[in-house]
Amino acid sequence: MATIAIYSLKGGVGKTTLAVNLAWAAATLSSRRTLLWDLDPQAAATFLLGGKERSGNEAQAIFTRDVSPTKLARHSDLDRLDLIAADTSLRALDRVFHELDKKKRLAKLLGELAAAYDRVLLDCPPGLTETSEQVMRAADLIVVPVIPSALAMRAFAEVESHLARRGGKVPLLPVFSMVDRRRKLHAEALAAHDWPVIPAASIIEAMTERRRPVGVFAPRSPGAQAFATLWQTIERRLALKR
């Protein structure tokens with residue numbers, strides 16, 4: 001099993017869009033037994049996959065009680081793709097991790113999923129927090145969406161520096177997100193960095209209405225092709241890591 005975290009210091013950069021479409025690509029294009037674990041209390045990934053936000057504090061209970069994550073994983077209506085839904089109790093997840101004082105709690109829970117899944121994707125909340133520290137210890141690869149702007153590039157550099165300071169060995173894969181090649185700033189950023197590119201496209205925005213990955217309802221669109229190409233890049237990176 002490999003764990004791929006979709007993470008960004010900033011919000012609003014297309015993180016959940018990446019997580020949902022990459023999870024679909026893993027399950028459909030690579031025929032992997034795939035789990036998308038929604039760790040963001042906004043529960044956007046849960047919504048986009050047609051799932052229902054949990055009531056109560058089930059999402060947090062995975063971390064605070066002896067509840068195996070396999071018991072809260074639910075089948076989506078997409079082949080080979082399961083979901084652990086988010087709920088508002090995850091707003092307190094940073095405090096939970098701090099109080100537990102178990103630096104590899106998330107890694108341990110992910111280990112319990114190894115028999116059931118080939119790929120686990122984590123849709124992570126933004127920020128450098130206790131949750132992000134757990135993610136950085138547990139992930140095999142961290143995919144970081146970056147809008148081609150000065151602030152987003154600065155945020156990515158901060159993540160790189162943070163990982164370097166803590167001696168982390170988990171590789172980062174930056175991805176340009178919401179790209180409009182007609183914009184000079186975007187074109188200059190693409191020329192300066194050979195990173196995967198996800199375009200800004202109305203068909204991708206339509207996910208919020210259809211509550212489906214782009215590959216389901218527009219498989220031949222440039223957006224769907226960009227996600228498929230990115231997933232191939234991720235699979236190659238994982239193969240090299242082993």
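The values are calculated or read from the model by the stated rules, or taken from the named source; none is laboratory data. None of the values given here were measured: they were computed from a predicted structure. Every residue, glycine among them, receives a Cβ derived from its backbone with ideal geometry; neighbour counts consider all protein chains shown. Ligands, DNA and RNA are stripped out before the accessible areas are found, and what is left, the full protein with its side chains, is counted by its heavy atoms. Shrake-Rupley method; radii C 1.70, N 1.55, O 1.52, S 1.80 Å.
Against the list (1) more than 20 Å from VAL214 (Cβ to Cβ); (2) touching a residue at least 24 places away in the same chain (Cβ under 8 Å); (3) out of contact with any Pro (no Cβ under 9 Å at 6 or more places or on another chain), the condition PHE47 fails is (1). Residues in segment 127-152 that are open to solvent by 50 Å² or more (accessible area, probe 1.4 Å) and closer than 21 Å to THR17 by Cα: 2 in all.
Restricting segment 187-199 to residues that are at pLDDT below 95 and open to solvent by less than 80 Å² (accessible area, probe 1.4 Å) leaves a set whose member that is nearest to LYS10 (Cα to Cα) is ALA189.
Would you please name the residue that is surrounded by the fewest Cβ atoms within 10 Å (Cβ to Cβ), looking only at residues in segment 211-227 that are in contact with a helix residue (DSSP H, G or I) (Cβ under 6 Å, 6 or more places away or on another chain) and under 18 Å from LYS15 (Cα atoms)? Taking the candidates together, the pick is ARG211.
So that you can scan it fast, the table gives a plain yes or no per residue for (1) over 13 Å from the mean Cα position of the chain (by Cα); (2) more than 27 Å from LEU163 (Cα to Cα):
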{"residue": "ALA5", "(1), (2)": "no, no"}
{"residue": "LYS10", "(1), (2)": "yes, no"}
{"residue": "ALA61", "(1), (2)": "yes, yes"}
{"residue": "ARG74", "(1), (2)": "yes, yes"}
{"residue": "ASP101", "(1), (2)": "yes, no"}
{"residue": "LYS104", "(1), (2)": "yes, no"}
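Screening ALA92 with (1) small (Gly, Ala, Ser); (2) part of a helix (DSSP H, G or I); (3) surrounded by fewer than 20 Cβ atoms within 10 Å (Cβ to Cβ); (4) under 17 Å from the mean Cα position of the chain (by Cα) gives one miss only, at (4).
Those helices (runs of 4 or more DSSP H) of segment 133-242 in which at least 3 residues are more than 24 Å from LEU109 (Cα to Cα) and under 19 Å from the mean Cα position of the chain (by Cα), considering only elements entirely within it, cover 150-165, 214-217, 222-241. So for segment 54-73 (the condition being outside any helix (DSSP H, G or I), open to solvent by less than 30 Å² (accessible area, probe 1.4 Å) and within 25 Å of VAL144 (Cβ to Cβ)), does at least one residue qualify? Checked against the condition, which is being outside any helix (DSSP H, G or I), open to solvent by less than 30 Å² (accessible area, probe 1.4 Å) and within 25 Å of VAL144 (Cβ to Cβ), segment 54-73 yields no hits at all.
Screening LEU78, LEU113 for residues that are open to solvent by less than 20 Å² (accessible area, probe 1.4 Å) and outside any helix (DSSP H, G or I) leaves exactly one candidate, LEU113. If you go through segment 2-49, how many residues are hydroxyl-bearing (Ser, Thr, Tyr), part of a helix (DSSP H, G or I) and open to solvent by 30 Å² or more (accessible area, probe 1.4 Å)? The total comes to 2. Report yes if some residue within segment 156-170 is without any contact (Cβ under 8 Å) to a residue 40 or more places away in the chain, open to solvent by 60 Å² or more (accessible area, probe 1.4 Å) and acidic (Asp, Glu); otherwise report no. So far as segment 156-170 goes, yes, one or more of its residues are without any contact (Cβ under 8 Å) to a residue 40 or more places away in the chain, open to solvent by 60 Å² or more (accessible area, probe 1.4 Å) and acidic (Asp, Glu).
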